[in-house]
Amino acid sequence: MNAMTTDILDHSIPEIAARCARGEVSAEEITRAALDRIQSRNPALGAFLTVQGDTALAAARAVDAQRTRGEPLGPLAGVPIGLKDALCSADAPATAGSLVLTRKAPRDGSPERDPERGYRPPYDATVVARLRAAGAILPGKCNMDEFAMGSSNENSAFFPARNPWDSERTPGGSSGGSAVAVAAGMTPGALGSDTGGSIRQPAALTGVVGVKPTYGRVSRYGLIAFASSLDQIGPFAADVRGAARLLEVIAGHDPRDATSLPVAVDAYEAACGRDVAGLRIGVPEEYFAEGIEPGVDAAVRRALDGLRGLGCEVRPVHLPHTRHAVAAYYIVATAEASSNLARFDGVRFGLREDASQGDLRGMYGKTRGAGFGPEVKRRIMLGTYVLSAGYYDAYYLRAQKVRTLIQRDFDAAFRKVDLIAAPVSPTTAFRLGDRTDDPLAMYLADVYTLPASLAGLPALSVPCGLAPAPDAPTASATRSVISSLIDSAIAKAKALPIGLQLIAPALAEARLFTAAHAWEQISPVRGARAPSS
Ligand code: GLN
């Protein structure tokens with residue numbers, strides 16, 4: 001297929017659906033364009049673990065037939081959407097980035113680690129069923145950190161996803177593959193899950209929009225669980241309107257998820273384009289702390305000036321318990337993970353290591369020993385420890401109390417402001433390998449995303465700037481060296497995306513979309529695309 005025909009993917013989700021509905025382009029053509037881009041771009045970027053070309057094309061033809069018959073089309077008709085591999089889809093394997101959810105390699109020289117041998121779910125997650133009903137096409141499953149534990153995608157059991165702005169760098173995690181699919185133009189939208197930042201942080205690091213809805217806003221039925229009191233599914237898209245449309249499709253009550261809220265879904269797309277004059281935006285100084293990259297700080301403050309220029313009232317707020325969020329999160333999340341992951345024991349799903357002498361406990365141990373990667377094992381041990389007799393009060397109970405204090409910080413702030421604005425990540429995309437030996441450094445990638453997660457609040461990341469990598473050669477550092485060489489090194493130093501985080505009170509996603517859309521219209525990086533896409 002030539003470049004002209006894949007260009008359809010560079011339009012926004014509403015535009016693609018509209019062109020498909022008008023018959024200007026068929027769903028099959030759009031799907032072929034996506035499969036073509038995946039084929040050409042995925043080998044270098046590792047966004048997709050598996051591709052379901054045949055079922056995607058069949059679904060596309062069904063949408064086209066619906067249009068030919070004159071039947072009304074859904075809001076995502078013909079739009080390819082990538083799915084994080086933690087979501088169950090009946091026509092695709094699901095690995096959650098883990099070997100424990102893959103069958104063993106046959107002894108015929110097949111690769112040890114092959115996501116095609118993943119667990120085959122017998123049903124669609126609610127979000128997957130809703131996407132299909134809206135006419136979306138699902139071409140593949142996206143790479144992720146194992147069981148969504150990580151901030152760089154390097155904990156994938158298969159291969160890391162790479163950042164299309166600089167393929168030596170991380171796209172963030174854990175929904176890194178979903179972010180890359182969108183940032184590199186392979187699919188115009190994708191779904192991820194966010195437990196402590198896993199949608200917002202990769203969206204920020206790859207320059208796309210990513211939304212973590214209110215806890216309970218989107219059904220988690222069919223999401224392979226990490227930490228059930230925090231997990232929430234949400235959309236990625238190249239622009240705010242596209243993300244709004246996707247969320248509108250997947251949100252809403254589902255009796256199959258007991259934590260799903262029986263509350264009507266607002267018109268998120270209609271909220272894009274509303275006036276922001278008079279909106280009160282709080283800026284927590286705790287989120288501009290030591291360790292923030294100067295380029296990130298400057299870009300976020302420029303965005304605040306931009307919002308002020310649109311008539312928003314921007315004022316300081318305090319969230320004094322912010323500094324305890326990382327500790328509380330890594331207790332609560334690991335405790336829940338240790339319990340959720342107990343089911344992967346070789347009996348019902350995926351991998352089973354042979355038990356010699358019919359020893360059941362031995363089989364559990366061997367399966368879990370071989371199937372889980374080091375970060376997952378670390379978290380199961382941490383989680384088991386903080387829940388164990390004698391330590392429960394000291395750790396788990398205390399962390400839950402801290403969680404309440406963090407929630408109260410937000411309650412108090414939202415009595416004075418309508419939204420909170422802050423950075424998403426203290427840094428731009430770091431190099432692959434830079435933090436893999438230092439779990440604490442990795443955990444600190446989440447300092448600004450964890451508080452909203454612990455409080456269950458909706459939050460999004462919208463691109464707000466680009467900055468040269470802080471570890472790239474600078475003119476002053478290299479002035480003394482032969483200048484022409486240096487100049488070309490500087491020219492090659494890649495610009496990296498920065499995200500603005502907006503946080504709203506529970507269920508006020510519409511307000512997030514209004515503000516993010518208003519900012520997007522005046523953003524200096526509006527429409528900026530990754531160079532390798
Ligand atoms: N990076 C965080 C963690 O490793 C958050 C992950 C997530 O949101 N799934 O737990």
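The values are calculated or read from the model by the stated rules, or taken from the named source; none is laboratory data. Just so it is clear, the model here is predicted, and its values are computed rather than measured. FYI the Cβ positions are ideal-geometry reconstructions off the backbone, even for glycines, and counts take in every protein chain you see.
Filtering D266, D305 for residues that are crowded, with 18+ Cβ neighbours inside 10 Å and in the same structural domain as P213 (by TED's automatic domain parsing) leaves a single hit, D266.
Determine if the stretch 137-155 includes at least one residue that is modelled with pLDDT of 95 or more, in contact with a Phe, Trp or Tyr (Cβ under 8 Å, 6 or more places away or on another chain) and either outside the structural domain of S461 (by TED's automatic domain parsing) or over 23 Å from Q232 (Cα atoms) (or both). No - not one qualifying residue is present in the stretch 137-155. Residue by residue through the stretch 443-471, note down the ones that are modelled with pLDDT of 95 or more, more than 16 Å from the ligand (Cβ to nearest atom) and not small (G, A, S). Result: V462, P463, C464, L466.
A quick yes/no check of all residues on (1) outside any helix (DSSP H, G or I); (2) free of Cβ contacts under 8 Å to residues at least 60 places away in the same chain; (3) not assigned by TED's automatic domain parsing to the domain that holds R348:
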residue: R61; (1), (2), (3): no, yes, yes
residue: L76; (1), (2), (3): yes, no, yes
residue: G97; (1), (2), (3): yes, no, yes
residue: V100; (1), (2), (3): no, no, yes
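Every condition in (1) surrounded by fewer than 24 Cβ atoms within 10 Å (Cβ to Cβ); (2) assigned to a helix (DSSP H, G or I); (3) not hydroxyl-bearing (S, T, Y) holds for G242 except the one numbered (1).
Restricting to the stretch 418-441, and then to whatever is surrounded by fewer than 23 Cβ atoms within 10 Å (Cβ to Cβ) and of a type in the set (A, V, I, L, M, F, W, C), can you tell me which residue is modelled with the highest pLDDT? Step by step, filter the stretch 418-441, then rank; the result is L432. Going by the conditions given, is S193 of a type in the set (S, T, N, Q), within 9 Å of the ligand (Cβ to nearest atom) and part of a loop (DSSP other than H, G, I, E, B)? When the stated conditions are applied, S193 does not pass them. Go through the stretch 380-404 and count every residue that is surrounded by fewer than 17 Cβ atoms within 10 Å (Cβ to Cβ) and aliphatic (A, V, I, L, M). The number of residues fulfilling the criteria is 4. For the stretch 126-155, the set of residues classified as surrounded by 24 or more Cβ atoms within 10 Å (Cβ to Cβ), away from the ligand (no atom under 16 Å from the Cβ) and of a type in the set (G, A, S) consists of G135, A136, G140, listed by residue number. Restricting the first member to the stretch 3-26 and to residues that are on the phi > 0 side of the Ramachandran plot and in the same structural domain as G189 (by TED's automatic domain parsing), and the second to residues that are surrounded by 14 or more Cβ atoms within 10 Å (Cβ to Cβ) and modelled with pLDDT of 95 or more, the beta-carbon pairs closer than 8 Å and six or more apart or on different chains are G23/R67.
Of all the residues in the stretch 344-376, those that are farther than 14 Å from Y330 by Cα and either assigned by TED's automatic domain parsing to the domain that holds S98 or not small (G, A, S) (or both) number 20.
For the stretch 312-329, a tally of residues being in a helix (DSSP H, G or I) and either surrounded by fewer than 22 Cβ atoms within 10 Å (Cβ to Cβ) or more than 16 Å from the ligand (Cβ to nearest atom) (or both) returns 7.
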